[in-house]
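The values are calculated or read from the model by the stated rules, or taken from the named source; none is laboratory data. The model shown is predicted, which means the values in this text are computed figures rather than measured ones. Note that we place each Cβ from the backbone using ideal geometry, even for glycine, and neighbour counts take in every protein chain shown. Only protein heavy atoms, including side chains, enter the accessible area calculation; ligands, DNA and RNA are left aside. Shrake-Rupley method; radii C 1.70, N 1.55, O 1.52, S 1.80 Å.
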Amino acid sequence: MQQSLRLFVFHHAGGSHLLYRDWPDRLPAHWDVRLMDAPGRGRLTGQPPIDDARELAGFFLRELAADMTGPFAFFGHSMGALVAYEMTQRLAAEGRQQPVWLGLSARGAPRPRGEDTRRHALPDDELRLHLAAMGGTPVEVLQDADLWEMFAPAIRNDLKLVESWRPLPGTPALTVPVAVYGGVGDVVVPVERLAAWEQHTERFQGLRLSEGGHFYFQSDPRRLLDMVARDANAALSAAVSRA
């Protein structure tokens, strides 16, 4: 019997649910896939943005409280992975139901000193060059002055969120199954930072690498989504057998 699963997907810095809009049709048909938007973008464009990771995690936990029932899981890419991690830690600390699985993509493991970069404070020209190297941002946004003026505040907001985050002292290892994904050519998150997640979880499913950079799945997400389905189903089956 196929087990149902509700999967919440959290987007990258400066993005929205739109990059992931095909995912519900590509993941198992019996899953309920929810594509989330942070305040200030996508379906929540009219809401003020949040530039603190823990505040954003709290926002999503409040918004999704009624939907985190039955088996559910989190997947986040880049900034979204940080938010999904914070949400999982908050649920554990509060003694609430945790996800049966956590998928983390293109996000390095926590470091006590936080991030070394201040990309959110770069001049426009340098920031556009950096974003072009990363991929994921439409070329039109980087080249059109009016579009850049429209999207730059959200991009800088999210980069500040990522770069200002620090793990709380004494944060325990995650107890839920965790799989980590990334691109071997990522100019932002090297492979060793991805592999370091093993030290932050008691049930590490493994590091899954693909060809490509920070947005290694953008041109063709099939390989990633096949791995997500496999890893999440394995965690779900284990959870059901323990119940």
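Of note:
- Residues (modelled with pLDDT of 75 or more and either farther than 22 Å from Trp197 by Cβ or hydroxyl-bearing (Ser, Thr, Tyr) (or both)) located in the stretch 111-128: Glu126, Arg128
- Taking the conditions (1) over 21 Å from Asp231 (Cα atoms); (2) open to solvent by 10 Å² or more (accessible area, probe 1.4 Å) in turn, Ala57 satisfies each one other than (2).
- The residue pairs whose first member lies in the stretch 37-58 and is without any contact (Cβ under 8 Å) to a residue 12 or more places away in the chain and farther than 22 Å from Arg166 by Cβ, whose second member is open to solvent by 20 Å² or more (accessible area, probe 1.4 Å) and not basic (Lys, Arg), and whose beta carbons are closer than 9 Å, counting only pairs six or more residues apart or on different chains, are Gly46/Gly40; Gln47/Gly40; Pro48/Gly40.
- Selection from the stretch 44-76 of residues that are within 15 Å of Arg34 (Cβ to Cβ) and assigned to a loop (DSSP other than H, G, I, E, B): Met68, Thr69, Gly70, Pro71
- Selection from the stretch 204-238 of residues that are among the aliphatic types (A, V, I, L, M), touching a strand residue (DSSP E or B) at 6+ places or on another chain (Cβ under 8 Å), within 20 Å of Leu174 (Cβ to Cβ) and part of a helix (DSSP H, G or I): Met227, Val228, Ala232, Ala234, Ala235, Leu236
- Here Asp186 fulfils each of the conditions (1) under 24 Å from Arg118 (Cα atoms); (2) out of contact with any Leu (no Cβ under 9 Å at 6 or more places or on another chain); (3) open to solvent by less than 50 Å² (accessible area, probe 1.4 Å) apart from (2).
Results for (1) at pLDDT 90 or above; (2) closer than 29 Å to Gly70 by Cα; (3) hydroxyl-bearing (Ser, Thr, Tyr), shown as yes or no for each residue.
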{"site": "Ala145", "(1), (2), (3)": "no, no, no"}
{"site": "Val180", "(1), (2), (3)": "yes, yes, no"}
{"site": "Ala196", "(1), (2), (3)": "yes, no, no"}
{"site": "Ser210", "(1), (2), (3)": "yes, no, yes"}
